[in-house]
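For reference, the structure is listed below as structure tokens.
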Amino acid sequence: MNLETLYWLVRQFEGCRLVPYLCPAGVWTCGWGSTGPDVFPGRAWTQEYADWRLEQDARKFAYGALILCPKLRGDALCAIADFAYNLGLGRLKTSTLRRRLNAGDMRGARIELAKWVRGGGKILPGLVRRRAAEAAFL
């Protein structure tokens with residue numbers, strides 16, 4: 001699986017911050033949008049660690065997306081892995097987006113992607129752009 005499209009999407013929309021911050025949803029985040037037990041206030045990352053975590057996280061979400069949407073390949077899989085990178089595999093698993101993808105309904109999937117643009121209860125322009133970029137790969 002070529003992850004270059006996924007890396008590009010993540011870098012384009014997450015940016016890299018080496019000091020932990022609260023994202024709009026109130027989750028501690030660091031590096032290229034990474035979350036988890038190694039992200040907490042006062043623990044800055046090096047660029048090398050942030051880049052390593054991007055690779056690890058991207059693989060995790062790409063394989064998770066493939067398990068949940070087994071018909072996807074190439075850039076379409078990377079686009080949905082980016083969605084999962086941003087929102088989590090749990091949200092993908094229970095979504096109408098996933099049902100549309102697994103039914104082969106790419107038009108319906110693009111419509112569903114456009115609904116996932118809120119952070120902290122507000123429509124975020126960055127998420128609107130991210131979902132449009134992901135939809136372009138379907």
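Every number in this text was worked out from the coordinates using simple rules, so none of it is lab data. Please read all numbers here as calculations on a predicted model, not as lab measurements. Positions of Cβ are generated from backbone atoms using ideal geometry, with glycine treated the same way; all protein chains shown enter the neighbour counts.
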Item to complete: Just subtract the alpha-carbon distance of Phe40 and Gln12 from 0.36 nm times their residue separation and send over the number in nm, one decimal.
Response: 7.7 nm
Worksheet item: If you work out Cα extents along the principal axes in Å from the coordinates, which of [x] 45, 34, 22; [y] 63, 27, 25; [z] 42, 35, 25 do you get?
Response: [x]
Worksheet item: Which residues does a label at Lys122 reach in the stretch 18-32, if reach means a backbone N under 15 Å from a point 7 Å past the Cα toward the Cβ?
Response: 22-27
Response to the item:
Final fewest-first order of Glu112, Glu4, Glu134 on the 10 Å Cβ neighbour count is Glu4, Glu112, Glu134
Fill in: Burial ordering of Cys16, Cys30, fewest other beta-carbon atoms within 10 Å first
Cys16, Cys30
Worksheet, complete the sentence: Note on the chain: contact order normalised by length, alpha-carbon pairs under 8 Å, 6 or more apart, percent, works out to 22
Worksheet, complete the sentence: Taking a ≥ b ≥ c as the square roots of the Cα gyration tensor eigenvalues, with a/c under 1.5 meaning rounded and otherwise prolate when a/b beats b/c or oblate if not, the stretch 1-76 comes out prolate
Worksheet item: How high is the FRET efficiency between Met106 and Gln56 when r is their beta carbon distance and R₀ equals 25 Å, given to the nearest 0.05?
Response: 0.30
Fill in: Lys pairs under 22 Å by Cα in the chain, provided they are eight or more residues apart or on distinct chains
4
Worksheet item: Using the 10 angstrom Cβ neighbour count as an exposure proxy, how do Phe83, Phe13 rank, fewest first?
Response: Phe13, Phe83
